[in-house]
Amino acid sequence: MNILAIESSCDETAAAVVRDGRTVLSNCVNSQIEMHTIYGGVVPEIASRKHIEAVTALADQALVDAGLTRSDLDAVAVTYAPGLIGAVLVGVNFAKGAAAGLGLPLIPVHHVRGHIAANYITHPELKPPFVCLCVSGGTTAIVDVRSYTEMEVLGSTRDDAAGECFDKVARVLGIGYPGGGPMDRLAKDGDDTKYELPRAHVQGHDLDMSFSGLKTASLNLIHNAQQKGEELDLPSFAASFGRAVSESLVPRVMAAARQKGYGQVAVAGGVAANSRIRADLQAACAQSGLKLFLPELKYCGDNGAMIGCQGYYEYLAGHTAGPDLNAYATRDISLG
Ligand code: KG4
């Protein structure tokens, strides 16, 4: 089954063709980062306009790269939630038009379910159930992936997402947008014990997380240093920050995995590219005898292939939509 998949939830327009949920025939991503960098963050209105400009050509390119024509397609899948509402609407409306015009089924896909499915592309042997740490610019959650389409959030952030925290701190340091990648690279030469930063605990909800305290403490530390004219040891600050984020995430994923007893742990989303988090998870899983699945770096950030992959399983479960499909800025992952 060949699925054309469209993703436009944030600042990447993406189109891909995926065969039978696991084989990526093409994966085209048009990043808007250069445009948003000028503003230090994503400007929703600009994101929507850029998606409109890019989506048709990108879908055509995905077909060309896959070596297919429109008549070879069997369905159209699209991210319909969550995301910047104007941005998601562009993809949804394009997909609705494409599905109606080609006479194909339309498959709505939850963006975070797509991130989780990126692991199926990298690891053909991976099958649910497993526990997945979903960490991106908008989401930080530990998800119980019971089957390909039955999921439940076991714990999540009470405030900022981990990626958002990386981005805000990096912006104040002036080291680029989005900030996770540059912070990760800086951290490689740093001493992760040099700066003391908080790890939050949500009383009575052991699997929940909070990053606003870490963000505020980091911003205060940076501003204090600036006011005193002290030079911050940037690599060590980045390393201390990365360690604080990792130590907020990794023990909770391990606790969730113990609770569920699945023996398999996966990671998903843009922050899953972080080398400290990957290394800490590898060490923790090796120590606990759990199998760890990490998506290939190119499938960590937003892309269409992951939507095509999850779309296949949603289709098998009978989850298709009509022309009245709407887009949602927020939506629980358990609802599909
Ligand atoms: O999944 P994604 O591309 O978009 C969302 O769905 O949000 O994730 C983007 C986030 C940004 O916050 C970015 O700073 C972060 O992923 N990120 C990283 C790394 N690479 C990207 N965070 C930490 N370390 C990285 N290496």
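Can you run phi through the Karplus equation (6.51, -1.76, 1.60; θ = phi - 60°) for segment 121-132 and list ³J(HN,Hα) in whole Hz, with x for Gly and Pro?
So the Karplus estimates, Gly and Pro as x, are 5, 6, 10, x, 7, 6, 9, x, x, 7, 9, 10 Hz.
How much length is gained if the chain between ARG22 and GLN227 is pulled fully straight, taking 0.36 nm per residue apart and subtracting their Cα-Cα distance, in nm to one decimal?
68.5 nm
Can you pull the percent of Cα pairs in segment 65-155 with separation above 22 Å?
41 percent
For segment 33-191, what is the relative contact order in percent, using Cα pairs closer than 8 Å and at least 6 residues apart in sequence?
Working: 192 pairs, mean separation 25.7, N = 159.
Reported as a whole number, the value is 16 percent.
What accessible area per residue, rounded to a whole number of Å², is obtained for the chain using a probe radius of 1.4 Å?
It amounts to 41 Å² per residue over the chain.
Quick check on the chain: what does the Kirkwood estimate of hydrodynamic radius come out to from the alpha carbon pairs, in Å?
Here the Kirkwood hydrodynamic radius works out to 20.2 Å.
Give me the percent of Cα-Cα pairs in segment 142-275 that sit more than 22 Å apart, rounded to a whole number.
39 percent
Please identify, among ILE175, ILE38, ILE116, the residue showing maximal mean-square fluctuation in a Gaussian network model of the chain using a 10 angstrom Cα cutoff.
Checking each option, the largest mean-square fluctuation is seen for ILE38.
Could you list, in their original order, any pairs among LYS194/LYS260; LYS215/LYS298; LYS168/LYS260; LYS188/LYS260; LYS194/LYS291 whose Cα atoms are separated by more than 30 Å?
Beyond 30 Å: LYS194/LYS260; LYS168/LYS260; LYS188/LYS260; LYS194/LYS291.
Name the residue from GLY308, GLY179, ASN93 whose Cα lies farthest towards the positive end of the charge dipole of the chain, charges +1 on Cβ of Lys and Arg and -1 on Cβ of Asp and Glu.
Going by the Cα projections, it comes out as GLY308.
Fully extended, how many nm does the chain gain between ALA100 and THR216 (0.36 nm per residue separation, minus their Cα-Cα distance)? Please list the in-between numbers first.
Numbers: separation 116, 0.36 × 116 = 41.76 nm, distance 4.83 nm.
Using 0.36 nm per residue and subtracting the Cα-Cα distance, I get 36.9 nm.
Tally the DSSP beta bridges in segment 14-152 and give the antiparallel ones as a percent, rounded to 5.
The antiparallel fraction comes to roughly 75 percent.
Would you mind computing the Rg to Rh ratio of segment 118-207 from its alpha-carbon coordinates, Kirkwood style for Rh?
1.04
Once the mean 1/r over all distinct Cα pairs of segment 31-114 is inverted, what Kirkwood radius in angstroms do you read off?
Radius from the Kirkwood sum: 13.9 Å.
Report the semi-axes of the equivalent ellipsoid for segment 155-228 in whole Å, largest first, where each axis is √(5λ) for an eigenvalue λ of the Cα gyration tensor. It would help to have the intermediate numbers written out before the result.
On the way: eigenvalues 101, 42, 31 Å².
The three semi-axes for segment 155-228 are 22, 15, 12 Å.
Compute the angle between helix 305-316 and the longest alpha-carbon principal axis of the chain, please, reported from 0 to 90 degrees and rounded to the nearest 10.
60 degrees
At a threshold of 8 angstrom on Cα-Cα distance, excluding pairs fewer than six apart, so keeping six or more, what relative contact order does the chain reach in percent?
26 percent
How large a share of the accessible area of the chain, in percent, is made up of carbon and sulfur atoms when the probe is 1.4 Å and the other protein chains stay in place?
50 percent
Based on the alpha-carbon set only, what is the convex hull volume of segment 289-336 divided per residue, in Å³? Intermediate values should be presented prior to the final figure.
Values: hull volume 7.0 nm³, N = 48.
It comes to 145 Å³ per residue, whole-number rounded.
How far is helix 275-288 tilted, in degrees, relative to the longest principal axis of the Cα atoms in the chain, given as a value from 0 to 90 rounded to the nearest 10?
The two axes meet at around 90 degrees.
Please identify, among GLY114, GLY21, GLY213, the residue showing maximal mean-square fluctuation in a Gaussian network model of the chain using a 10 angstrom Cα cutoff.
Evaluated over the chain, the most mobile residue of the options is GLY213.
What distance in nm separates the two pseudo spin-label positions at ASP189 and SER147, each 7 Å out from Cα along the beta-carbon direction?
For ASP189 paired with SER147, the spin-label model returns 5.2 nm.
Considering only ALA118, ALA284, ALA161, give the residue with the highest GNM mean-square fluctuation for the chain, with springs between Cα atoms whenever their separation is below 10 Å.
Taking springs between Cα atoms under 10 Å, the residue moving most is ALA284.
With a ≥ b ≥ c taken as the square roots of the eigenvalues of the C-alpha gyration tensor of segment 8-80, please select rounded if a/c is under 1.5 and otherwise prolate if a/b is larger than b/c or oblate if it is not?
Verdict is prolate for segment 8-80.
Go through segment 110-173 and name the GluC sites (Glu not before Pro) that are in a DSSP coil and have 13 or fewer other Cβ atoms within 10 Å of their Cβ.
The qualifying sites are GLU125, GLU150.
At 37 °C and 0.692 mPa s, what whole-number value in µm²/s does Stokes-Einstein give for the translational diffusion of segment 199-336, with Rh from the Kirkwood sum over Cα pairs?
For the chosen part, D equals 180 µm²/s.
Give me the angle, in degrees from 0 to 90, between the Cα long axis of helix 44-66 and the longest principal axis of the Cα atoms of the chain, rounded to the nearest 10.
60 degrees
Report TYR315's accessible area, 1.4 Å probe, all protein chains in place, as a number in Å² to the nearest 10.
80 Å²
With an 8 Å Cα cut-off and a minimum separation of 6 or more residues, compute the relative contact order for segment 194-293 in percent.
After rounding, I find 27 percent.
The values are calculated or read from the model by the stated rules, or taken from the named source; none is laboratory data. Worth saying up front: this structure is predicted, and the values here are computed from it rather than measured. Heads up, the Cβs are rebuilt from the backbone with ideal geometry, glycines too, and the neighbour counts pull from every protein chain shown. Ligands, DNA and RNA are stripped out before the accessible areas are found, and what is left, the full protein with its side chains, is counted by its heavy atoms. Shrake-Rupley method; radii C 1.70, N 1.55, O 1.52, S 1.80 Å.
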